[in-house]
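Heads up, the thing below is written out as structure tokens.
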Amino acid sequence: MSETLRRIEIPIAITIICTLLQIVPFYIEVEPLEAFSDTFRSWMILVATCALFLGAASLSLLHSKRIQRRSTGWQFSVLTLVSMVVILLAGLPLPEIGLGVDNPVFDFLFANILTPLGATMYSIIAFFITSAAYRSFRARSTEATIVLVSGILMICYNSPLMTSLWPGFIPVGDWIFSVPNMATMRAVIIGSALGAIALAMRVLLGIERGYLRGGEE
Amino acid sequence: MAIFVTGRIFGMLSLLAIMGAVTYYIRRARGGKVSEVRRLAGIDAITEAIGRAVEMGRPVFCSHGISDMRDATYGPQTIAGLSVLSYVATQCVDLGARLIVPVRNTEVWPVATDIVETAYKIAGRSDEFNIDDVVYLSSDQFGYSSNYLGMMMREKPGANIMVGAYWAESLQLAETGNRVGAMQVSGTANTHQLAFFVVATDYCLIGEEIFAAGAYVTEDPVFISSIAGQDFGRIIAVGLMILGTILFTFGSDAFVRLLEW
């Protein structure tokens, strides 16, 4: 029985049915199919939300093992587990007993720890951009020189001091942005859309199996 | 009675034409006529990167972006990333490299785990599979990236392969990979992140190349021929652009009405 359930045809069939249930009502108005598709989408969200428990279980097991083995940095695992439990309990949707998103502990953790940590991670991108630019802005080849020159012109275009010194940077920057840059981006977007359609076809025909147990039976 | 949704008929016909072309090329390949596809340096470099990591005695990192598999726009990138993961896992098992898979999405985590576990099972080395190496980090974007960066700094991977949908974390990951001396292969269809991957990694798969990767690595003629079907879509796209430009230049709104059909 378990071998039958593990057959690769089952997930492929589910994928095909689910895909058609989403595609057909998008193009064809069939009232019962649309209603079914709506219900189906709600179920999909529910099932995906259930996967959150898998993540929490995986995280708990991983860090519990690290604490048990006293692996390097096990103290951070304790901190991770404690933080997870505290924010989980404080955020439980039980407003009758003071829990949920309005709970002061949850609010404090969210506003004073989670948000600043996220902002910090986002802001360090500036340093990464600097180091990446330092390495890549070298005129080693014709292509690299074009990138270097375009980059310098765009920096000048975005700098009020430079545009006030020479207003010509504005039309040059506008041209780089709206002609070569836009053309390249559109080409990539059209190519990506076509690639995604071909991938969808391979999935629908059941020949793209890489995402299913490596494609093995 | 079924009624077509107004404004989507032309889109539907275009989609059917491209799907028909892909199916035609697949059938053609099954009949023995195999299309030729240009080499993708980024994919060819994956084996080299894994081999390098083995020689250095370092692990291999392979991630598939931070999107889920359901999203209409970004989901296909995750599926493409998982196909690459499947290939990387097989190569790592064959070459004896330790594979670490950082995961952001809880619903993708079991799929990634299954892919890596299957690679070990096929090689008859199930006992070597360590579930802790396919690690769910955080659903939060920067929680994920900070964890990923920390792991890279601690584990010092010899190869870092990132194919999928990435956002602001792309440069953080690529630059840190560069800092620890990893050979990096990246790929995304998110145009706003492509520039970061191009400058910060050794090889970059651009846009549609990531969708072709899953078929390309199999070296199966049927898979590869499906890529050729895309070219038909490309011809349609170019033809429509030329037609639209000419009609619009001469003051006709026929093309706009066709798109709105």
- [ ] Look at region B:106-116 and say how many of its residues are surrounded by fewer than 24 Cβ atoms within 10 Å (Cβ to Cβ) and not aromatic (Phe, Trp, Tyr).
- [x] 6
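Tell me, which residue of region A:91-112 that is closer than 20 Å to residue B:145 by Cα and open to solvent by 70 Å² or more (accessible area, probe 1.4 Å) is farthest from the other protein chains (Cβ to nearest Cβ)?
Step one: of region A:91-112, the residues closer than 20 Å to residue B:145 by Cα are A:109-112.
Those left that are additionally open to solvent by 70 Å² or more (accessible area, probe 1.4 Å): A:110, A:112.
Details: A:110: 11, A:112: 15 Å.
Ranking the qualifying residues of region A:91-112, first place goes to A:112.
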Open item on the list: Anything in region B:172-198 that is open to solvent by 10 Å² or more (accessible area, probe 1.4 Å), within 12 Å of chain A (Cβ to nearest Cβ) and in contact (Cβ under 8 Å) with a residue 60 or more places away in the chain? List them, or say none.
Closed with: B:189
Open item on the list: For a quick check of your reading of the model, give me the residue pairs whose first member lies in region A:198-210 and is more than 17 Å from residue B:77 (Cβ to Cβ), whose second is surrounded by fewer than 21 Cβ atoms within 10 Å (Cβ to Cβ) and of a type in the set (A, V, I, L, M, F, W, C), with beta-carbon atoms closer than 6 Å and at least 6 apart or on different chains.
Closed with: A:204/A:16; A:206/A:12
- [ ] Please report, ordered by residue number, the helices (runs of 4 or more DSSP H) entirely within region A:1-98 with at least 2 residues that are within 26 Å of the chain's Cα centre (by Cα) and charged (D, E, K, R).
- [x] A:31-69
Open item on the list: If I ask for residues that are open to solvent by less than 60 Å² (accessible area, probe 1.4 Å) and either charged (D, E, K, R) or in contact with a strand residue (DSSP E or B) (Cβ under 8 Å, 6 or more places away or on another chain) (or both), which ones from region A:166-190 would you list?
Closed with: A:188
Task: Residue pairs meeting the criteria (Cβ under 9 Å; at least 6 apart or on separate chains; first closer than 19 Å to residue B:96 by Cα, in region B:36-50; second assigned to a helix (DSSP H, G or I) and open to solvent by 50 Å² or more (accessible area, probe 1.4 Å)) - done: B:47/B:95; B:50/B:94; B:50/B:95
Task: Count - residues of region B:33-92 that are on the phi > 0 side of the Ramachandran plot and more than 14 Å from chain A (Cβ to nearest Cβ) - done: 1
Task: Number of the exception - residue A:185 against (1) under 30 Å from residue B:220 (Cβ atoms); (2) facing chain B (nearest Cβ under 8 Å) - done: (1)
Task: All positions within region B:118-130 that are more than 8 Å from every other protein chain (Cβ to nearest Cβ) and not basic (Lys, Arg) - done: B:120, B:123, B:124, B:126, B:127, B:128, B:129, B:130
Open item on the list: Anything in region A:113-140 that is under 19 Å from residue B:198 (Cβ atoms), open to solvent by 50 Å² or more (accessible area, probe 1.4 Å) and among the polar types (S, T, N, Q)? List them, or say none.
Closed with: A:130
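Go through region B:44-72 and give me each residue that's assigned to a helix (DSSP H, G or I), among the aliphatic types (A, V, I, L, M) and in contact with a strand residue (DSSP E or B) (Cβ under 7 Å, 6 or more places away or on another chain).
Taking region B:44-72 and keeping what is assigned to a helix (DSSP H, G or I), we get B:44-56.
In the following step, the residues that additionally are among the aliphatic types (A, V, I, L, M) were identified as B:45-46, B:49-50, B:53-54, B:56.
Listed by number, the residues that qualify are B:45, B:46, B:49, B:50, B:53.
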Task: Enumeration of residues in region B:199-208 that are surrounded by fewer than 24 Cβ atoms within 10 Å (Cβ to Cβ) and within 8 Å of chain A (Cβ to nearest Cβ) - done: B:199, B:206
Task: Hey, residue A:5 open to solvent by 90 Å² or more (accessible area, probe 1.4 Å) and at pLDDT 90 or above or not - done: no
TODO: Output the residues belonging to region B:113-147 that are of a type outside the set (Val, Ile, Thr), part of a helix (DSSP H, G or I), touching a Phe, Trp or Tyr at 6+ places or on another chain (Cβ under 9 Å) and within 15 Å of residue B:85 (Cβ to Cβ).
DONE: B:117, B:119, B:120
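Can you confirm whether region B:122-140 contains a residue that is open to solvent by 30 Å² or more (accessible area, probe 1.4 Å) and touching a strand residue (DSSP E or B) at 6+ places or on another chain (Cβ under 8 Å)? Outline the logic, then answer.
To start, the set of residues in region B:122-140 that are open to solvent by 30 Å² or more (accessible area, probe 1.4 Å) comprises B:122-132, B:139-140.
Subsequent filtering for residues that are touching a strand residue (DSSP E or B) at 6+ places or on another chain (Cβ under 8 Å) retains none.
The answer is no, given that none of the residues of region B:122-140 is open to solvent by 30 Å² or more (accessible area, probe 1.4 Å) and touching a strand residue (DSSP E or B) at 6+ places or on another chain (Cβ under 8 Å).
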- [ ] Looking at (1) modelled with pLDDT under 95; (2) out of contact with any helix residue (DSSP H, G or I) (no Cβ under 7 Å at 6 or more places or on another chain), find the lone condition where residue B:58 falls short.
- [x] (1)
- [ ] Filter region B:214-240 for residues that are open to solvent by less than 10 Å² (accessible area, probe 1.4 Å) and more than 9 Å from chain A (Cβ to nearest Cβ) and give the result.
- [x] B:225
Task: Which listed residue, of B:260, B:169, is open to solvent by less than 10 Å² (accessible area, probe 1.4 Å) and either charged (D, E, K, R) or over 15 Å from residue B:63 (Cβ atoms) (or both) - done: B:169
- [ ] Starting from region A:41-58, keep only residues that are within 9 Å of another protein chain (Cβ to nearest Cβ), then list their pairs with residues that are surrounded by 11 or more Cβ atoms within 10 Å (Cβ to Cβ) and modelled with pLDDT of 85 or more whose Cβ atoms are within a distance under 6 Å, requiring at least 6 positions of separation or different chains.
- [x] A:48/B:107; A:51/B:106; A:51/B:107; A:52/B:106; A:54/B:106; A:55/B:106; A:55/B:136; A:58/B:136
- [ ] For region B:32-41, state whether one or more residues are modelled with pLDDT of 90 or more and over 30 Å from residue A:20 (Cα atoms).
- [x] yes
TODO: Just one of (1) more than 7 Å from chain A (Cβ to nearest Cβ); (2) more than 20 Å from the chain's Cα centre (by Cα); (3) open to solvent by 10 Å² or more (accessible area, probe 1.4 Å) trips up residue B:146, so point out which.
DONE: (1)
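The values are calculated or read from the model by the stated rules, or taken from the named source; none is laboratory data. Since the structure is predicted, the reported quantities are computational estimates derived from the model, not experimental observations. Neighbour counts are summed over all protein chains in view; Cβ atoms, including those assigned to glycine, are modelled from backbone coordinates with ideal geometry. To get the accessible areas, we keep the full protein, side chains included, count just its heavy atoms, and leave off ligands, DNA and RNA. Shrake-Rupley method; radii C 1.70, N 1.55, O 1.52, S 1.80 Å.
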